[in-house]
1. Name the one entry in Ala19, Ala39 that is in contact with a strand residue (DSSP E or B) (Cβ under 6 Å, 6 or more places away or on another chain), closer than 20 Å to Ala289 by Cβ and in a loop (DSSP other than H, G, I, E, B).
2. Kindly indicate the residue of the range 147-177 that is closer than 16 Å to Thr106 by Cβ and not in a strand (DSSP E or B) and also most open to solvent (accessible area, probe 1.4 Å) among those meeting that condition.
3. Suppose we filter Ala29, Ala91, Ala101, Ala82 for residues that are farther than 24 Å from Arg140 by Cβ, without any contact (Cβ under 8 Å) to a residue 24 or more places away in the chain and out of contact with any strand residue (DSSP E or B) (no Cβ under 9 Å at 6 or more places or on another chain); which single one remains?
4. Which of the following residues is modelled with pLDDT of 95 or more, of a type in the set (A, V, I, L, M, F, W, C) and out of contact with any Leu (no Cβ under 6 Å at 6 or more places or on another chain): Leu83, Leu48?
5. Being at pLDDT 85 or above, open to solvent by 40 Å² or more (accessible area, probe 1.4 Å), outside any strand (DSSP E or B) and among the acidic types (Asp, Glu) narrows it down to one of Glu194, Glu229, so name that one.
6. Out of all the residues in the range 119-130, is one or more in contact with a strand residue (DSSP E or B) (Cβ under 6 Å, 6 or more places away or on another chain) and assigned to a loop (DSSP other than H, G, I, E, B)?
7. Leu105 versus (1) farther than 23 Å from Glu148 by Cβ; (2) buried (at least 20 other Cβ atoms within 10 Å of the Cβ); (3) touching a Leu at 6+ places or on another chain (Cβ under 6 Å): which is the lone unmet condition?
8. Can you report the number of residues in the range 104-129 which are in contact (Cβ under 8 Å) with a residue 60 or more places away in the chain and among the basic types (Lys, Arg)?
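The values are calculated or read from the model by the stated rules, or taken from the named source; none is laboratory data. Nothing here was measured: the structure is a model prediction, and the numbers come from that model. Cβ sites come from the backbone with ideal geometry, for glycine too, and all protein chains shown count toward neighbours. In case anyone asks, the SASA skips ligands and DNA or RNA and just uses the protein heavy atoms, side chains included. Shrake-Rupley method; radii C 1.70, N 1.55, O 1.52, S 1.80 Å.
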Amino acid sequence: MTSDDFASRRPLVYAHRGASSTFAEHTRAAYLKALADGADGVECDVHLTKDQHIVLIHDSNLDRTSDGTGPVAERTLEELRALDFSSWKGARIPDEYGGIADQLLTLDELLDILRGAGRSIGLAIELKHPSPYQLKLEDRVLELLLAEGWTPEDSVLENIRVSFMSFSPDSVKHLLKTVPAEHLCQLVDDITVEEVRQELGLGLLTGGAVANVMKAAQLEGERILDDGEVGIAGPGIDYVRQHARTVQRWLESGRRFRVWTVDAEKDVALCQGLGIHEITTNRPAQVLAQL
């Protein structure tokens with residue numbers, strides 16, 4: 001398919017952590033709602049538990065999205081099951097989407113939900129780093145998918161089209177040993193010391209050191225995309241606005257584009273005008289209606 005063919009079609013809409021503007025991110029309710037909304041695909045973030053289960057949680061710690069505290073990696077799956085991952089959102093969950101105790105999902109549970117979609121569906125898996133288990137995270141994800149019947153050559157598992165993403169160039173390079181480049185997405189974002197310090201609550205020196213590491217990863221990620229080592233570019237919407245020439249160059253060189261997190265109408269229109277192939281959004285129903 002040529003870029004002209006893609007430009008004439010609407011972008012595919014991926015639900016960011018499920019329909020996360022409606023229900024708490026990464027929960028059973030959020031993913032079931034995304035399917036009901038007609039999303040073309042869903043996105044998830046994965047971490048390893050202490051007992052090596054793959055769970056769908058964005059942050060490396062539990063404080064923001066549950067009634068627990070501390071690192072995800074220091075809890076067993078059974079311990080995580082005892083926590084409440086949905087009430088913080090303040091949304092009433094319909095009975096058909098399960099109770100509070102049903103909302104935390106493992107990757108294999110998400111696969112079961114997507115199998116039940118009754119149609120072809122995309123799954124974008126983001127490998128979160130830094131991880132205390134390092135690249136064992138990637139190995140466990142691939143091991144699970146292979147056991148479930150996933151075939152690396154076409155990256156398909158029954159009705160599910162699987163792709164992989166990370167901000168970590170090391171993660172992407174590791175995945176390339178098993179996964180064809182066309183199913184791999186290098187995520188990129190602009191890194192500033194001030195943002196890193198604020199987001200992670202770090203002091204000036206520590207924040208600067210962490211930002212330097214993250215900036216080096218950003219530059220390596222951009223090089224990976226410049227050199228065509230992976231098939232999918234994954235910039236944030238701010239990056240798309242601020243680096244128009246780079247975006248155009250990658251588009252013209254044949255990179256497929258998956259842009260996150262596109263919620264505002266003007267940003268949806270910008271992506272559509274540029275010929276972006278995939279939009280990741282917290283509001284899949286709203287974006288689909290606009291497109």
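1. Going through Ala19, Ala39 in turn, just one is in contact with a strand residue (DSSP E or B) (Cβ under 6 Å, 6 or more places away or on another chain), closer than 20 Å to Ala289 by Cβ and in a loop (DSSP other than H, G, I, E, B): Ala39.
2. Ala147
3. Numbers: Ala29 fails: without any contact (Cβ under 8 Å) to a residue 24 or more places away in the chain; Ala91 fails: without any contact (Cβ under 8 Å) to a residue 24 or more places away in the chain; Ala82 fails: farther than 24 Å from Arg140 by Cβ.
Just one listed residue meets the conditions, Ala101.
4. Unique residue meeting the criteria: Leu83.
5. Working: Glu194 fails: at pLDDT 85 or above.
One residue alone meets the criteria, Glu229.
6. Yes, some residue in the range 119-130 is in contact with a strand residue (DSSP E or B) (Cβ under 6 Å, 6 or more places away or on another chain) and assigned to a loop (DSSP other than H, G, I, E, B).
7. (1)
8. 1
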